C-alpha cells in the first residue's frame, strides 16, 4: 500500500513538472466551443479528471466486492449453523453396531 502511494506521488510530481515546463497558451476547441488557456491548465485538468475517473471505478469495484463478501459470509454462517445441527442430530442417534 505504501509503495503504491509512493509511486502515485512520484507520478504526480512528474506530471506537475511536465505541466509547468509546457506553459504555452493554446486554443482548445470542443464541438461548438473554443477557448484559449494555458497548457498547464489542460495537462493538470486532464490528469485530475483521469485520476478521478480511476478512483470512481475503483470505488465501484470495491463496493461490489464488499457486497459479495458480505453475502458469502452470511451464506457461510448459515451453512455452519446447519452443519452444527446435523452433527448434533448425528451425535444424538444411537450407534448401530455392525454384527
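With respect to the numbered conditions (1) touching a helix residue (DSSP H, G or I) at 6+ places or on another chain (Cβ under 7 Å); (2) over 30 Å from residue 15 (Cα atoms), which one is the sole condition not fulfilled by residue 77?
(1)
Given the residues 23, 46, 75, which is the only one that is part of a loop (DSSP other than H, G, I, E, B) and surrounded by 10 or more Cβ atoms within 10 Å (Cβ to Cβ)?
None of the others qualify; the one that does is 23.
Identify, please: which residue in region 30-42 is exposed (fewer than 10 other Cβ atoms within 10 Å of the Cβ) and modelled with pLDDT of 85 or more and is, among those, nearest to the chain's Cα centre (by Cα)?
Out of the qualifying residues, it is 31.
The values are calculated or read from the model by the stated rules, or taken from the named source; none is laboratory data. All figures in this text were calculated on a predicted structure; none of them were measured in a lab. Because the Cβ atoms are built from the backbone with ideal geometry, glycine has one as well, and the counts that use them run over all protein chains shown.
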